[in-house]
Every structure is written in C-alpha cells, then in structure tokens.
Amino acid sequence: MEEKIAYPWAAAVLARLPAKAQDMPGALLLGGQAGLGKRATALFLARAILCETARDELGACGVCPSCLLLAAGTHPDLRQVELATEEDPEAEADEPATAKKPSKQISVERIRMLGEFVTTTAHRGRAKVILIAPAEALHPSASNALLKMLEEPPGNTRFLLVSHQPERLLATVRSRCILVPFSLPAPGAALEWLKGQGATLPELSLAQGGYAPLAAADIAQDEEYWTQRKPLLEMLSRPGFNPILAAEKAEPIEGPVVARLLARWAYDLAVVKAGGTVRYHLDFKPSLEKLALGMSGTRLMAWYDQVIQYGRVSQHPLNKRLAMEQLLAGYPGSN
Ligand SMILES: [Zn+2]
C-alpha cells in the first residue's frame, strides 16, 4: 500500500523537495515549532529514501523488503538518534549509572557511534539514513562530531535533522543542511484535521496547542491539563485575586506548562487591551475582556516580562511554590 504523508500541511512542505527520493540533498534540516509533525515527516522521508521500488513521487511502496524492515523497526540502513529514555537500553549505556531521568542532551558518544555506520556500505545497497531529533539537544561536542561527518559527506548517507529551534544549532551545522521550514497551517485546515481525529473541543484545543495541530491533538486528550488549567484561570479572572491561593493552584502544574498558560493569559490581555481579540484562552473571553479594561497597561507589560522570564527557568525551579507566589504577586489583576 503506497504511503502518503498523513498531515495535509506537511504535504505542502514536501512539495518543495525533489520528487524523487534519490535526488534528495545529503542533509535536510526540518525546522519549526513543536506539534507540526516534523519528526513524522522525517520518518516518511527516510522510508521514501530507503524504499526499493522505483517511483516518480515521494513515498514508499510499503511492500518491498526495505519497507517491511522499516515497518518491523529493524532496517539496518536507518539510525535514529533521539533523546535517551529509560526504556532505551542502548542509549542508557552512555549515561552515568545514576541517571534515571530521560537525558536532555544527545551525547557525543551517540554521534561517534555512527562513525562505522557512515563508512560502511548500505546493507540493502541503496542509501543509509541518519535521523537526529531534536537536533538542538546535541551536546556541543556532539555537534562538532556531526559537523565533521557533514563536512566530508560519506557516500550515500542522508542526514535528516529535526529541530524545534533550528536557530539554536551550531551555525556551521545549519549551513551544511538545506532548511525545510515548517510553519503553522491555516487555522481552518488545522481545525478540519483535528475534527477528523475526533478531538473534543477542537477550536479551544487548537488555540491551547498554539495552533499547532499535533500539539492540539495531545492537549485535547490530556485530562490533567484541563483539570489543572480551569481553577487557575478562574482565579486569575476573579476580583479580589489572591496570589497565595493562586500559587497553590499553579504549583502542581508542570513548570513549562504553567509558564505557557500564564504567558498566553498575559498575551490575550495585552491583545484585548490593544483592541484585538483573544487568541488562546477562548473560553475565558468575557473575563479577559472585562479584566483588560480595568488593568494598567504598564503593569500588564511588566508582568508579561516576568512571566516570559519565568518561562526560561521553568524547567529547573528551585522552589516552585515560592517562584509561583512571586510571579503571581505581580499580576495586575491583584487589586
Ligand atoms: Zn518500498
């Protein structure tokens, strides 16, 4: 069964690439915000490159030996370099024995391990593919090791790099890759896809996912997210806002999630204050409009800055409760 890319917006991105997989450049960098299907698209490209059936358009036949090996996850000419998780015994070997949490970086050893793969001939006699995701997680020395491989492109090895923040990659690595940019699809198209997935509250989920359809699909079925979000936003909406009580609601929410919730709350307030319409917290539109009216614009922007700054350290809060109390004390709805 011939494979087509599952995401309509990704098809538009692929349309800008060579129609024949064998004409694909040696290194592609799929870049753009999270939730747009970049990794799935990279895997689609890997399957197309390794497929053994001749074809005039991008895709894989699904029935040749390569396609079957890929489906079984045992293709010898594909290497996926991703963040190590606890379930990944091969990757664990690189981590200190004490490390229990998933690693936040791709170590230089992981890249060096590719050295042999890169220099040997493809098992199936076609190409070899190395997929690295997320590429911004490469440790600086891993980036340098990768750069050496990219500088002396080994015969018929294709590199597929996936990055949510391509600007964070080593400039020299970036310049060796052809950038394949992913941008947000039109809301109508995203909504149509989301409805097709059976997502509950598709409009609100799409807005909460920052208009990235896959992020929205995840959020739509994340019960904890909805349960934690509502009481916090209700507090922010009410007169007589109390930062201590709000911090209590905010504390259990994961740092980056609460940072994003608050940043979007501030964004919505700022936009409404400037005469625009609510973009993210659609279900709190009347509250946001009422709040913005009575809020000092200067204080709002100062708080917005504070929220953005918290977002930068939200992965490693030293004292989450205290950080939340401080952050919420500056909320301009507090009087
Ligand atoms: Zn095939």
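The values are calculated or read from the model by the stated rules, or taken from the named source; none is laboratory data. The model shown is predicted, which means the values in this text are computed figures rather than measured ones. Ideal geometry is used to build each Cβ from the backbone, glycine not excepted, and the neighbour counts take in all protein chains shown. Surface accessibility is based on the protein's heavy atoms, side chains included, excluding ligands, DNA and RNA. Shrake-Rupley method; radii C 1.70, N 1.55, O 1.52, S 1.80 Å.
Okay, residues lined up against (1) within 14 Å of the ligand (Cβ to nearest atom); (2) open to solvent by 80 Å² or more (accessible area, probe 1.4 Å); (3) at pLDDT below 85:
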residue: Gly59; (1), (2), (3): yes, no, no
residue: Ala71; (1), (2), (3): yes, yes, no
residue: Glu82; (1), (2), (3): no, no, no
residue: Glu90; (1), (2), (3): no, yes, yes
residue: Arg124; (1), (2), (3): yes, yes, no
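Taking the range 125-156, which residues are among the hydrophobic types (A, V, I, L, M, F, W, C), more than 21 Å from Leu70 (Cβ to Cβ) and touching a residue at least 40 places away in the same chain (Cβ under 8 Å)?
Ala135, Ala137, Leu150
Is it true that Arg279 is charged (D, E, K, R), on the phi < 0 side of the Ramachandran plot and buried (at least 17 other Cβ atoms within 10 Å of the Cβ)?
no
Is it the case, given these coordinates, that Glu234 is open to solvent by 10 Å² or more (accessible area, probe 1.4 Å), without any contact (Cβ under 8 Å) to a residue 12 or more places away in the chain and part of a helix (DSSP H, G or I)?
Considered against the rule, which asks whether it is open to solvent by 10 Å² or more (accessible area, probe 1.4 Å), without any contact (Cβ under 8 Å) to a residue 12 or more places away in the chain and part of a helix (DSSP H, G or I), Glu234 comes out as yes.
For the subset of the range 95-116 comprising residues that are open to solvent by less than 40 Å² (accessible area, probe 1.4 Å) and part of a loop (DSSP other than H, G, I, E, B), which member is modelled with the lowest pLDDT?
Ranking the candidates gives Ser103 first.
Evaluate the following for Ala21: is it under 26 Å from Leu184 (Cα atoms), open to solvent by less than 50 Å² (accessible area, probe 1.4 Å) and within 16 Å of the ligand (Cβ to nearest atom)?
Yes; evaluated as a whole, the condition is true for this residue.
The rows are residues; the columns are (1) over 29 Å from Cys51 (Cα atoms); (2) surrounded by fewer than 22 Cβ atoms within 10 Å (Cβ to Cβ); (3) out of contact with any Gly (no Cβ under 6 Å at 6 or more places or on another chain).
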position	(1), (2), (3)
Val129	no, no, yes
Pro140	yes, yes, yes
Phe159	no, no, yes
Leu170	yes, yes, yes
Ala215	yes, yes, no
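Quickly run through the range 24-45 and pick out the residues that are part of a helix (DSSP H, G or I), more than 13 Å from the ligand (Cβ to nearest atom) and open to solvent by less than 10 Å² (accessible area, probe 1.4 Å).
Of everything in the range 24-45, those that are part of a helix (DSSP H, G or I), more than 13 Å from the ligand (Cβ to nearest atom) and open to solvent by less than 10 Å² (accessible area, probe 1.4 Å) turn out to be Lys38, Thr41, Ala42, Leu45.
Take the conditions modelled with pLDDT under 90 and within 14 Å of the ligand (Cβ to nearest atom) and apply them to Ala48. Does it pass?
The answer is no for Ala48.
Using the structure shown, decide if Ala302 is among the small types (Gly, Ala, Ser) and open to solvent by less than 30 Å² (accessible area, probe 1.4 Å).
no
Output the number of the condition that Arg229 fails; it satisfies all remaining conditions of (1) open to solvent by 30 Å² or more (accessible area, probe 1.4 Å); (2) in a helix (DSSP H, G or I); (3) closer than 23 Å to Gln315 by Cα; (4) not aliphatic (A, V, I, L, M).
Only one criterion in (1) open to solvent by 30 Å² or more (accessible area, probe 1.4 Å); (2) in a helix (DSSP H, G or I); (3) closer than 23 Å to Gln315 by Cα; (4) not aliphatic (A, V, I, L, M) is unmet by Arg229, namely (1).
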